[in-house]
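Below: one structure, written as structure tokens.
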Amino acid sequence: MTLNPDTLDFAKGGGLIPVVVQDADTLQVLTLAYMDRPALDETIESGEATFFSRSRGGRWRKGETSGDRLQVVSITPDCDADALVLKVRPVGNACHLNRISCFGDEDAPGLGRIARLEQAIAKRAGADPATSWTARLLAEGPKRVAQKVGEEGVETALAGAAGPDTELTAEAADLIYHLLVLLRSRNLVFQNVLNVLAHRAETAKH
């Protein structure tokens with residue numbers, strides 16, 4: 001975290017800066033909180049999100065009573081230096097109502113489902129191969145997983161050429177799952193793929 005707190009405008013908000021807290025992996029918005037300068041300093045020093053609670057009138061580190069902590073990945077100011085985006089990896093839930101997000105019950109909408117599926121695959125990697133298809137695939141190694149990706153790719157193509165929409169989406173889901181398992185078997189994640197796409201997009205601009 002290379003943020004310099006001296007560059008931020010705390011005065012505009014009466015000593016407080018609004019903080020949008022976002023899951024670093026799924027990009028889901030988890031909560032909106034506030035920081036004063038001491039809370040920001042503590043967050044940077046500890047690596048865990050610490051806020052200023054307006055209702056309590058003082059410092060509040062997430063998880064001190066609930067155990068649901070927010071481990072900080074990055075802190076990014078906006079263009080006016082009077083608001084922050086805090087990307088975190090949550091340990092537990094962000095909401096005091098025992099929900100993942102303070103903004104409704106939905107879990108990791110949109111492309112966030114990819115990251116959530118990756119987390120499930122990583123968790124199941126240590127399971128018993130006799131009871132977990134994911135663990136079995138990973139135990140058999142990348143060549144076996146690659147074979148499954150090939151099979152699912154063919155099935156997806158056939159469904160796309162002649163099948164109904166429901167079949168195509170189901171086969172595409174199977175393909176994506178097996179692709180993520182293949183990446184995991186090679187110690188890669190989907191972000192590595194996104195990095196390639198981002199590089200290609202940047203290259204195309206020039």
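What follows is calculated from the coordinates using simple rules that are stated; it is not laboratory data. These numbers come from a predicted model, not from an experiment. Counting neighbours? That spans all protein chains shown, and the Cβs are built from the backbone with ideal geometry, glycine included.
Overall dimensions of segment 59-129, expressed as equivalent-ellipsoid semi-axes from the Cα gyration tensor (√(5λ), whole Å, largest first), are 26, 17, 13. Give the angle, between 0 and 90 degrees and rounded to the nearest 10, that separates the Cα long axis of helix 190-205 from the longest principal axis of the Cα atoms of the chain. It is inclined by approximately 80 degrees. Note on segment 116-138 and segment 174-206: Cα centroid distance 20 Å, given to the nearest whole angstrom.
Kirkwood Rh over Cα pairs of the chain into Stokes-Einstein at 20 °C, 1.002 mPa s: D in µm²/s? Could the numbers behind the result be given before it?
Numbers: Rh = 19.8 Å.
Answer from the Stokes-Einstein relation: 108 µm²/s.
For segment 49-85, backbone nitrogen atoms closer than 13 Å to the point 7 Å from F103 Cα along Cα-to-C-beta are found at 85. With the helix formula -39500 (n - 2.57) applied to DSSP H stretches of n ≥ 4, the chain reaches a computed 222 nm mean residue ellipticity of -14000 deg cm²/dmol.
The spread of Cα positions in segment 112-205, taken along each principal axis and listed from longest to shortest, comes to 47, 34, 25 Å.
DSSP beta bridges fully contained in the chain are about 80 percent antiparallel.
Give me Rg over Rh for segment 5-91, both radii from the alpha carbons and Rh done the Kirkwood way, two decimal places. Provide the component values of the computation, followed by the final result.
Details: Rg = 12.0 Å, Rh = 12.8 Å.
That ratio equals 0.94.
Amide H to amide H, with H built 1.01 Å from N, S132 comes under 5 Å of no residue 5 or more places away or on another chain.
Let me spell out the model: positive unit charges on the Cβ of Lys and Arg, negative unit charges on the Cβ of Asp and Glu, origin at the Cα centre of the chain. What dipole size does that give, in debye rounded to 20?
460
For the pair A157 and V193 in one chain, pulling the backbone fully straight at 0.36 nm per residue adds 10.9 nm over the alpha carbon distance.
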